[in-house]
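Visitor: Below are the structure tokens for one structure; questions will follow.
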Ligand SMILES: Cc1cc2nc3c(=O)[nH]c(=O)nc-3n(C[C@H](O)[C@H](O)[C@H](O)COP(=O)(O)OP(=O)(O)OC[C@H]3O[C@@H](n4cnc5c(N)ncnc54)[C@H](O)[C@@H]3O)c2cc1C
Ligand SMILES: [Fe+2]
């Protein structure tokens with residue numbers, strides 16, 4: 001699955017890891033994250049993320 | 001151990017959060033002049049564009065601070081710093097003592113000292129309050145002028161335009177946009193892309209006066225020309241907020257000077273984020289503020305850690321377009337070889353700068369493909385060898401570069 005990177009702080013969302021601290025289980029693709037999910041590192045909204053190639 | 005953190009921007013908040021991770025019993029107090037809980041400032045761009053409502057600007061859910069056992073005192077200004085007693089004065093009345101302190105007071109927008117800068121209708125964008133008052137003023141649909149063609153200025157201009165204001169002009173002092181990240185060709189291409197979106201540009205202009213009856217109506221430039229403006233947004237750099245530190249006698253230059261442990265000239269007082277100057281450098285960027293905050297937290301917790309500087313991200317998203325800029329981008333002098341490719345139609349520009357066969361700089365505009373690999377080559381100053389002539393091809397398989405390492 002694709003990783004996504006926060007353009008503000010560089011945090012990388014890895015679907016294989018998820019974001020357990022915010023109840024996002026491993027295996028959750030970026031597209032399925034809730035709309036109000038924010039970067040766990042700096043807090044910007046989903047719109048600031050870009051797909052990594 | 002009691003730690004007082006001055007400021008609840010990214011640096012102050014992340015210092016507090018990390019210190020809590022490291023030490024469950026530390027007493028941590030964060031004092032914040034702004035009355036809002038922590039929010040990342042890039043969200044203000046989306047708020048301005050009308051794409052993110054006010055209640056979604058914040059990073060943490062209600063109750064987060066309590067859960068973290070962080071005492072965050074909102075709407076309180078630190079008005080004095082007593083470095084001998086290790087104490088702060090709050091709102092000119094209260095006094096609070098600590099064992100160690102962190103200056104995370106950030107920066108404010110740098111406003112040019114020109115007549116009319118305090119006129120009604122002149123704004124900047126750093127805080128929620130700035131954004132709210134700017135939006136209120138924009139509701140009358142003025143012609144907007146953004147002073148500054150750097151990253152922030154371009155983002156602001158695009159956001160205002162997206163909100164539906166059609167007359168938005170960016171004024172830049174240099175004769176090209178993003179002078180630090182782009183050469184003339186790249187800047188020209190970026191500009192034409194942004195013009196296609198509907199933004200207007202005025203380059204090589206130095207504003208010398210903002211005039212008008214009561215509110216702003218005209219900007220005057222050094223060369224005698226002028227421009228109508230119903231609202232002005234200033235985005236021409238930042239000024240670290242070091243007044244408290246200076247008054248308290250801490251060593252300072254453009255920022256508060258810190259050593260490799262991010263300690264100021266007074267042991268036990270640290271600084272992180274936009275206020276800190278490390279090895280002569282003020283980053284003004286989130287990744288650096290983040291690295292510094294974490295380092296400070298470790299040192300506060302007694303786990304001594306060194307900070308060696310941050311490498312700023314090379315790929316930026318400027319007004320929706322990808323831009324990678326690494327190493328030397330405008331070489332001067334002998335011995336350089338420059339390869340480039342410009343595809344105006346598709347908004348693509350690629351440039352490679354080589355010296356003695358080694359890759360020393362690159363610009364990649366309009367495409368993300370290959371940008372990471374190219375950045376890596378520049379950082380390692382590699383000789384691209386047999387791939388040199390293929391690097392600019394859009395369909396090049398960049399994974400082949402792995403064989404060079
Ligand atoms: C609109 C905008 C978009 C941005 N986008 C990006 C981006 O995409 N990527 C990037 O890397 N960077 C970006 N930046 C820059 C980034 O926001 C800063 O680098 C970051 O905020 C620095 O954090 P800081 O905590 O050091 O300072 P600040 O965020 O300035 O926080 C300092 C806080 O301290 C408070 N304070 C100051 N003095 C006192 C006092 N005496 N008493 C109490 N409190 C005080 C202030 O009120 C403020 O809340 C952007 C900035 C803006 C304005
Ligand atoms: Fe982030």
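Bear in mind that the values in this text are calculations on the coordinates, not laboratory data. Worth saying up front: this structure is predicted, and the values here are computed from it rather than measured. Because the Cβ atoms are built from the backbone with ideal geometry, glycine has one as well, and the counts that use them run over all protein chains shown.
Visitor: Express the C-alpha Rg of chain B as a ratio against the empirical globular expectation 2.2 N^0.38 Å, rounded to two decimals. Can you show the working numbers first?
Guide: Numbers: Rg = 23.2 Å, N = 405, 2.2 N^0.38 = 21.5 Å.
Against the empirical 2.2 N^0.38 Å value, I get 1.08 for chain B.
Visitor: Still on this model: Along the Cα-to-C-beta direction of residue B:261, a point sits 7 Å from the Cα; which residues of the stretch B:5-39 have their amide N less than 17 Å from that point?
Guide: none
Visitor: Could you give the Stokes-Einstein D for the stretch B:313-404 in µm² per second, using the C-alpha Kirkwood radius, 37 °C, 0.692 mPa s?
Guide: Numbers: Rh = 13.2 Å.
Result for D is 248 µm²/s.
Visitor: Right, here's the next one. Describe numerically, in nm with one decimal, the distance between label points set 7 Å from Cα along Cα→Cβ at residue B:25 and at residue B:140.
Guide: Taking the two extended label points, one gets 6.0 nm.
Visitor: Between residue B:342 and residue A:36, what FRET efficiency comes out of the Förster formula 1/(1 + (r/R0)^6) with R0 = 51 Å and r the beta carbon distance, rounded to 0.05?
Guide: On the way: r = 41 Å, r/R0 = 0.81.
E(calc), rounded to 0.05, equals 0.80.
Visitor: Given axes a ≥ b ≥ c from the Cα gyration tensor, I'd like to know whether the protein assembly as shown is rounded (a/c under 1.5), prolate (a/b larger than b/c) or oblate.
Guide: Numbers: a/c = 1.57, a/b = 1.19, b/c = 1.32.
The shape class here is oblate.
Visitor: Could you tell me the extents of the stretch B:122-234's C-alpha atoms along the three principal axes, largest first, rounded to whole Å?
Guide: Principal axes ranked by extent give 39, 31, 24 Å for the Cα atoms.
Visitor: Given labels modelled 7 Å from the Cα in the Cβ direction, how far is it in nm from residue B:202 to residue B:64?
Guide: If labels sit at residue B:202 and residue B:64, their model points lie 4.0 nm apart.
Visitor: I would also like to ask the following. Could you give the alpha-carbon Rg of the stretch B:1-55 over 2.2 N^0.38 Å, rounded to two decimals? Walk me through the numbers before you get to the answer.
Guide: Numbers: Rg = 13.9 Å, N = 55, 2.2 N^0.38 = 10.1 Å.
The reported ratio for this selection is 1.38.
Visitor: Oh, and also: Evaluate peptide A:31-38: per residue, the Cβ atoms of other protein chains within 10 Å of its Cβ; return the mean as an integer. Mind dumping the intermediate values first?
Guide: Details: counts 0, 0, 0, 0, 1, 3, 0, 9.
Mean partner-chain Cβ count within 10 Å for A:31-38: 2.
Visitor: Let me see the P(r) profile for the stretch B:32-87: every Cα-Cα distance counted, bins of 5 Å, each bin given as a percent of all pairs.
Guide: 4, 15, 18, 19, 16, 13, 8, 4, 2, 0
Visitor: At R0 = 35 Å, how high is the FRET efficiency between residue B:372 and residue B:225 if r is their beta carbon distance? Nearest 0.05 is fine. Mind dumping the intermediate values first?
Guide: Working: r = 43 Å, r/R0 = 1.22.
Efficiency for this residue pair is about 0.25.
Visitor: Separation between the residue B:279 and residue B:328 pseudo-spin-labels, each 7 Å from Cα along Cα→Cβ, expressed in nm?
Guide: Taking the two extended label points, one gets 2.0 nm.
Visitor: Still on this structure, I have one more. Please report the orientation-averaged projected area of chain A, defined via the convex hull of its C-alpha atoms, in nm². Before the final figure, lay out the partial values.
Guide: Numbers: hull surface 12.7 nm².
Projected over every direction and averaged, the Cα hull of chain A covers 3.2 nm².
Visitor: Follow-up. Rank B:308, B:85, B:243 by mean-square fluctuation in a GNM of chain B with C-alpha springs under 10 angstrom and give only the top-ranked residue.
Guide: B:85
Visitor: How many partner chain Cβ atoms sit within 10 Å of a residue's Cβ in peptide A:44-52, on average, as a whole number? Walk me through the numbers on the way to the answer.
Guide: On the way: counts 11, 10, 1, 7, 6, 0, 4, 1, 2.
The mean count of partner-chain Cβ atoms within 10 Å per residue comes to 5.
Visitor: When you look at the Cβ of every residue in B:52-60, what mean number of other chain Cβ atoms sits within 10 Å? Each step should come with its number before you reach the end.
Guide: Working: counts 4, 0, 0, 1, 4, 4, 2, 8, 2.
Counting other chains' Cβ atoms within 10 Å and averaging over B:52-60 gives 3.
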